[in-house]
Each structure stands twice: as C-alpha cells, then as structure tokens.
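The values are calculated or read from the model by the stated rules, or taken from the named source; none is laboratory data. All figures in this text were calculated on a predicted structure; none of them were measured in a lab. Here the Cβ is made from the backbone with ideal geometry for all residues, glycine too, and neighbour counts use every protein chain on show.
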Amino acid sequence: MGSNRRAFLQFAGIAPAAAATAALASTGVAHAATAAPLVTRSSFLPCVGEEFRFESGPFEAKPAKLARIAPLEQGGRKIESEGHFRLEFEPLTPGAIPQETYKVTHPRLGQLVLFVSPNDAQGRIVEAVFNAG
C-alpha cells in the first residue's frame, strides 16, 4: 500500500470520528472528561442489521443495512481493536451507493460523515475503513 493511500486511510478513519464527536457534543452526549474516542468498533456493534441512511443530495437519501463489522488485516494478521475496523454495508438497491463521502444518519448514533467505497464490482457491499492511530 502506497504512503499516500495509507495517509488517506488514516485520515479517513479520523475525520468521521472527529465529525461524530462534534455531533455528539452538540447533543450533550459527549463529556469533556472523556479521553477515549467516541466512534469505536463497540459504537457500531449494536447496530449490525440496522438501517443507515446515506444522504446523496439535499432531497435524496439511500438506505443501507450495516451487514458486518470486520477487523483490518496487516501482513496477514487481523488487527482486533476499537480503532481499527471496517464497516460493511449492504445498499438496499445494489450499486446505489458509489464511492463518495456521505453524511450518514442512524437513529441511535446520530449523524456521521463516512467515506465509503464499493467492495465488489456490482456495489452489493460498500465499506468504510476506520484506522485510528
């Protein structure tokens, strides 16, 4: 993996966390004394199987189900941590969610900003990579 891609993936993992932290802080959920990141693997675990809405324009949102949370791999070894994981979404209409940065909403998690890309040629699965640290 090239250094530019690695830097981007690291940023892509941190940017949604920062956006989510700001969103949670405005709802009163975040506390100033909390040192741990608010968007972690555990944040998404109760949401597997639930619907998320990907805003693709001012009046259009595309639904997708959170299908799976997977560990990242490095050198053939799985990295099991709160800051290193992949979210795999199944769009309710295959191919409906192309590679892009989206404002994503969920009833429990609120609003997040996620960069997602297709995981297969048909767009049946799109993924967001979190690589914090």
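I'm checking my understanding of the structure. Among residues of the stretch 68-89 that are under 12 Å from the mean Cα position of the chain (by Cα) and of a type in the set (A, V, I, L, M, F, W, C), which one is surrounded by the fewest Cβ atoms within 10 Å (Cβ to Cβ)?
Among residues in the stretch 68-89 that are under 12 Å from the mean Cα position of the chain (by Cα) and of a type in the set (A, V, I, L, M, F, W, C), the one surrounded by the fewest Cβ atoms within 10 Å (Cβ to Cβ) is A70.
Does T21 satisfy the criteria of being at pLDDT below 85 and not in a loop (DSSP other than H, G, I, E, B)?
Against the criterion (at pLDDT below 85 and not in a loop (DSSP other than H, G, I, E, B)), T21 qualifies.
Under 7 Å by Cβ, and 6 or more places apart or on different chains, what pairs join a residue from the stretch 30-50 that is hydroxyl-bearing (S, T, Y) with one that is at pLDDT 70 or above?
Within 7 Å, the pairs are T40/E82; T40/G83; S42/E82; S43/L109.
Looking only at the stretch 91-100, count how many residues are under 22 Å from N131 (Cβ atoms) and buried (at least 17 other Cβ atoms within 10 Å of the Cβ). Reasoning before the result, please.
Step one: filter the stretch 91-100 for residues under 22 Å from N131 (Cβ atoms), giving 97-100.
Adding the requirement that they be buried (at least 17 other Cβ atoms within 10 Å of the Cβ) leaves 97.
Qualifying residue count for the region: 1.
What are the residue pairs meeting all of these: first residue in the stretch 74-86, first residue free of Cβ contacts under 8 Å to residues at least 60 places away in the same chain, second residue basic (K, R), Cβ atoms under 7 Å, and 6 or more apart or on different chains?
E82/R41; F85/R41
Checking N131 against (1) more than 18 Å from G49 (Cα to Cα); (2) touching a residue at least 40 places away in the same chain (Cβ under 8 Å); (3) touching a Ser or Thr at 6+ places or on another chain (Cβ under 9 Å), only one condition comes out false. Which one?
It is condition (3) that N131 fails.
Could you list, in sequence order, all residues of the stretch 72-94 that are assigned to a loop (DSSP other than H, G, I, E, B) and under 25 Å from E50 (Cβ atoms)?
Within the stretch 72-94, E80, S81, E82, G83, L92, T93, P94 qualify.
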